[in-house]
Amino acid sequence: MRKTVLSIHLFFSLMLGLFIVTTCTTGSLLLIEPEVERWMHPIGHKPSSGDVGILTIKQQADALSPDLKTDRIELPAQDGFYHVHIAKEGGKGGRLVYGDPGTGEVFGQVQEARMEPFATIYDLHRYFLLTNMIGKAPAASFVGFLGAGMMVILLTGIYMWWPGIKKWALGFRIIRNRGKLAHHMSLHKTIGIVSIPVLLVITLTGVINAYEKSIPAWIGFKAKEEVPASAMQSKSKDQPILPVDKVAELVHTKYPDSQLIKIQLPAKVGQTYQIGLRESFGASSASNSTVYMDASSGEVIYKTNPNLAINIYNTWRKGLHFATWGGETTKLIYFLFGMMPLVLMITGVAMWRLKARARKRQSKKNTAAAAA
């Protein structure tokens, strides 16, 4: 049995190893994208203390250009600034700018689209650069297949590592004085078994994300909560719309235990406000519930349910995969362990070369002995 499992482990490692390492390494790089972007394109400002209010931020953003108006405001989060999206009527030609909460000054530009090299790194991680050749869905399925292969490698690795209940502690020992092969083998096993718990979570959620629309259908669920079309339209279409600070006040009053994350303003006359809230315990700092509010009366027309099974599923499959549930510490852990497949590949190749050399030396000895 052990020999069969080892053959399966080696087969999948050799056939898919380079692809898997590429996917895992690019995933780790994406985790540090915000930090790299801030280093490459520093803001040059620090947020001032205090808060002038969301209405002042909107007014300052609207004053930047006569052709652009605010259509989305994200409240201060990690970097301490408001992020304000301004666009032409209908949401066209938009860009994101910073808003200082203390002074109300609006400046700079938050890059809305991914810049290089991260645009390519993302495409490599999510679709393996195959979208132009086979389309997004098949490309995502290919990456999901790689994830399934990695699951096989990880599970067979656990079986190969297990030394028994009485000797389980020996599985964490790194051998240093019994030759290079023993050293690399013990290093490979130890790094592998320590990494497996985190890698299993990342890999399983990666596979789920690759088939995000298919899996709910397989078990009889819809891929997301269906929002009725009526939620998009205000009932009092001919009345002036509420100012954004009044909307924030109404939301705070009606949902005092929820955290206001962002407000999407009506893009056209007759549309509703869409307010993103974070409610109870979630897998990230992003919103997990949306309130659809009549733009004139402030009446809540519809609110998504964060406790709905499909919404919990979608929140956690993303949060667990992208390390958005535990702050910077979790992100660092995911980054380090996401790089471990590269280390395992290096130690695995080193073991393979040492074994090949040993077999070659043994073959020469056998030939010489036969000749003698």
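Here, each number is a calculation from the coordinates, and none is a lab measurement. Keep in mind it's a predicted model, so treat the numbers as computed, not measured. With ideal geometry, Cβ positions are generated from the backbone for all residues, glycine too; neighbour counts draw on all protein chains shown.
Run through all the Cα pairs of the chain and give the fraction in each 10 Å bin from 0, expressed as whole percent.
All Cα pairs, binned at 10 Å, distribute as 5, 18, 24, 22, 14, 9, 5, 2, 1, 0, 0 percent.
Evaluate the distance, in nm, between pseudo-label points positioned 7 Å from the Cα of residue 349 and of residue 79 along their respective Cα→Cβ axes.
Here the answer is 3.7 nm between the modelled labels.
Starting from the Kirkwood radius over alpha-carbon pairs of the range 236-372, derive D by Stokes-Einstein at 25 °C in a medium of 0.890 mPa s and give it in µm² s⁻¹. Write down the numbers at each step before the final one.
On the way: Rh = 19.7 Å.
This corresponds to a translational diffusion coefficient of 124 µm²/s.
If Lys and Arg each add +1 and Asp and Glu each add -1, what is the summed charge of the other residues whose beta carbon sits under 14 Å from the beta carbon of residue 136?
On the way: positive: 126, 213; negative: 123, 212.
Residues near residue 136 contribute 0 overall.
Cα to Cα, under 19 Å, and not fewer than 8 places away if on the same chain: which lysines meet these conditions relative to residue 331?
318
Pairs of Cα atoms under 8 Å, at least six residues apart: use those to get the relative contact order of the range 173-269, whole percent.
On the way: 26 pairs, mean separation 10.8, N = 97.
Normalised by residue count, the contact order of the range 173-269 is 11 percent.
Fewest first, what order do 367, 203, 290 take by the number of other Cβ atoms within 10 Å? Walk me through the numbers before you get to the answer.
Numbers: 367 10, 203 24, 290 19.
Neighbour counts put them in this order, fewest first: 367, 290, 203.
Testing the spin-label approximation: label points 7 Å from Cα along Cα→Cβ at residue 116 and residue 358. State their distance in nm.
Between residue 116 and residue 358, the label points sit 4.7 nm apart.
Using a Gaussian network model on the chain with a 10 Å cutoff between Cα atoms, which of 77, 286, 140 fluctuates the most?
Judging by the Gaussian network model, the answer is 77.
Rounded, prolate or oblate: pick one for the range 190-257, where a ≥ b ≥ c are the square roots of the eigenvalues of its C-alpha gyration tensor, a/c under 1.5 means rounded, and failing that, prolate if a/b is larger than b/c, else oblate.
Values: a/c = 4.62, a/b = 2.08, b/c = 2.22.
Cα axes put the range 190-257 in the oblate bin.
Rounded to the nearest 500, what is the chain's calculated 222 nm mean residue ellipticity when only DSSP H runs of at least 4 contribute -39500 (n - 2.57) each, over all residues?
Value at 222 nm, helices only: -17000 deg cm²/dmol.
Would you please give the FRET efficiency between residue 161 and residue 18, computed as 1/(1 + (r/R0)^6) with r the Cβ-Cβ distance and R0 = 35 Å, to the nearest 0.05? Intermediate results must be reported in sequence, preceding the final value.
Details: r = 23 Å, r/R0 = 0.64.
For R0 = 35 Å, the calculated efficiency reads 0.95.
Could you please state, rounded to a whole Å, how far the C-alpha centre of the range 45-105 is from the C-alpha centre of the range 311-372?
Here the answer is 46 Å between Cα centres.
What FRET efficiency, computed as 1/(1 + (r/R0)^6) with R0 = 35 Å and r the Cβ-Cβ distance, is obtained for residue 1 and residue 310, rounded to the nearest 0.05? Numbers along the way, then the final one.
Numbers: r = 40 Å, r/R0 = 1.14.
That gives a FRET efficiency of 0.30.
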